[in-house]
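Here the structure is laid out as structure tokens; the discussion comes afterwards.
The values are calculated or read from the model by the stated rules, or taken from the named source; none is laboratory data. The structure displayed is predicted, hence computed values, not measured ones. We place every Cβ from the backbone using ideal geometry, glycine too, and count neighbours over all the protein chains shown. Ligands, DNA and RNA are stripped out before the accessible areas are found, and what is left, the full protein with its side chains, is counted by its heavy atoms. Shrake-Rupley method; radii C 1.70, N 1.55, O 1.52, S 1.80 Å.
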Amino acid sequence: MAATKLKISLLFLLTIVILIGTNKMNVAAQVVVGGGSVVGESWCLVRTDASFQALQTALDYACSAGADCSVLQPNGLCFLPNTIEAHASYAFNSFYQRKGRAPGSCDFAGTATIAQSDPSYGSCVYPSSASTAGGSTTPIITPPGMNNPNMPSPTMAAPLFGGLSPVVSDNNSRAPTEAIATWLLVLFSFILIIMTLIS
């Protein structure tokens, strides 16, 4: 009788582990699919290692090349925090979404990265698609003399925004490792269930 209760308890515990693991696998599968292709919602944010000057130049470029930067003005919904990182993240994402998440539209001379975590906060909502970004979704056309459509021009105007604060971090770089660990957890859980049922 005690052995039967132990088996039932073990099966119940393993079922919970499998359900949790399966949920994590589904999330991880949305993050990285075959060769790193991004599936589902994604946002373009600043890289943690980007310098102030590089972000300022890229921010000015994004705002002049099609990003909706009106919300970054002093009375805008995304003005606060008034930092280069926050403003650049919003502008980069706006540009990225308006360009239909086209390849290369989230680079900005190496200052941006793609993330799967929604960076929206309070009343500042980051668009997650071209339809929610407003404006044009025209494809990127490389201007003459520019190899990268996101490469800021060296003749940009004086900086529009400023300030310093911690940079938004992309925590999805570990998604493939977590997906493998979760798959292994589910596999070993199934093996334990089979062994329990056999014994």
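Please enumerate the residues belonging to region 99-126 that are in a strand (DSSP E or B) and out of contact with any strand residue (DSSP E or B) (no Cβ under 9 Å at 6 or more places or on another chain). Residues satisfying the conditions are TYR121, CYS124. Being farther than 19 Å from GLU41 by Cα and either in contact with a His (Cβ under 8 Å, 6 or more places away or on another chain) or touching a residue at least 12 places away in the same chain (Cβ under 8 Å) (or both), is that true of even one residue in region 95-109? Scanning region 95-109 turns up at least one residue that is farther than 19 Å from GLU41 by Cα and either in contact with a His (Cβ under 8 Å, 6 or more places away or on another chain) or touching a residue at least 12 places away in the same chain (Cβ under 8 Å) (or both). Evaluation of PRO143 against the conditions (1) at pLDDT below 85; (2) not in a loop (DSSP other than H, G, I, E, B) shows that the sole unmet condition is (2).
Evaluated against (1) within 17 Å of SER129 (Cβ to Cβ); (2) open to solvent by 10 Å² or more (accessible area, probe 1.4 Å); (3) at pLDDT 95 or above, TYR61 falls short on exactly one condition, (1).
Could you run through region 57-93 and say how many residues are over 12 Å from TYR126 (Cβ atoms) and either in a loop (DSSP other than H, G, I, E, B) or without any contact (Cβ under 8 Å) to a residue 40 or more places away in the chain (or both)? Of the residues in region 57-93, 13 are over 12 Å from TYR126 (Cβ atoms) and either in a loop (DSSP other than H, G, I, E, B) or without any contact (Cβ under 8 Å) to a residue 40 or more places away in the chain (or both).
Pull up region 42-56, narrow it to residues that are open to solvent by 20 Å² or more (accessible area, probe 1.4 Å) and part of a helix (DSSP H, G or I), then point me to the one that is nearest to THR113 (Cα to Cα). That would be ALA54.
Here is the figure for region 95-123: residues that are within 18 Å of ALA50 (Cα to Cα), open to solvent by 30 Å² or more (accessible area, probe 1.4 Å) and out of contact with any Pro (no Cβ under 8 Å at 6 or more places or on another chain) total 4.
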